[in-house]
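Report on the following structure.
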Amino acid sequence: MNPKDRLQRRVAVYCGSSAGNDPAFRAEAVALGESIAKAGLGLVFGGSCLGLMGALADAALASGAEVIGVLPHVLNGKEIAHTGLTALELVPTMHERKARMNALADGFIALPGGYGTLDELLEAVTWAQLRLHEKPCVLVNTAGYWNGLLSFLDFVVAEGFLKTESRALLRVASGAAEAVKMIASELD
């Protein structure tokens, strides 16, 4: 099914299952959940009740958004599954989690996180580079969290391993409201 044929438009958010050390990270996750709901969008996320994931999902739910979690079986038995979602889909592997989140979403946003967040985000951007999708990919650069990655990507362009137009596929927002506005403007 073409995502544009769906009644509910959704954004996948990649973020940490930890809260991080800066309270601004959690505040931004809450603001993003609220902004997604306010824009009339649904949320797709990793399915955890912990850290930024839990704060994001709780805020989106409290604001009236549809919230779909996608959790690999390996993580389900560890008491991290968010049990209050619109839907929680269990998938066999991490690879299938990424594929399912891609299928459910019309755009991608990344908040602070670790290896998992980077893996999911960079795969979404790589798929855009390969023209496997044309969905917007946006980083929320809360408290400069992504500055090191952004500098590295500029270095990769300078060294000839990434084209300028491919670098531009990863857009940067300073906050949640701006990120949702970027996504929503491309869904119209």
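FYI, it's all coordinate maths here, none of it is from the lab. Since we're looking at a predicted model, the values are computed, not measured. Cβ coordinates were reconstructed from backbone atoms using ideal geometry, including for glycine residues, and neighbour counts include every protein chain displayed.
Going from the residue with the fewest nearby Cβ atoms within 10 Å to the one with the most, LEU187, LEU132 rank LEU132, LEU187. Seen against the Cα atoms of the chain and their longest principal axis, helix 147-158 is set at about 40 degrees. For LYS163, the aspartates and glutamates whose Cα comes closer than 15 Å to its Cα, not counting residues fewer than 8 places off in the same chain, are ASP154.
Restricting to DSSP H runs of at least four residues, report the calculated mean residue ellipticity at 222 nm for the chain, -39500 (n - 2.57) per run over all residues, nearest 500 deg cm²/dmol. Let's see the in-between values first.
Details: 8 runs with 86 residues, N = 188.
The per-residue figure over the chain is -13500 deg cm²/dmol.
About its Cα centre, the chain has a charge dipole of approximately 220 debye under the convention of +1 per Lys or Arg Cβ and -1 per Asp or Glu Cβ, with nothing else charged.
Check the straight Cα-Cα distances from LYS98 and name the aspartates and glutamates below 15 Å, setting aside those fewer than 8 residues away within the same chain. Answer for LYS98, where 15 Å is the Cα cut-off: GLU89, ASP106, ASP119, GLU120, GLU123, listed by chain and number. Under 5 Å from the amide H of VAL70 lie the amide H atoms of PHE45, GLY46, GLY47, GLU89, each residue being 5 or more positions distant or on a separate chain, with H modelled from the backbone and absent for Pro and chain starts.
The amide H of GLY175, built 1.01 Å from its N in the peptide plane, has ASN141 as neighbours under 5 Å, considering only residues 5 or more places off or on other chains.
Could you tell me the distance between the Cα centroids of region 115-138 and region 9-62, to the nearest Å? Between the Cα centres of region 115-138 and region 9-62 lies a distance of 18 Å.
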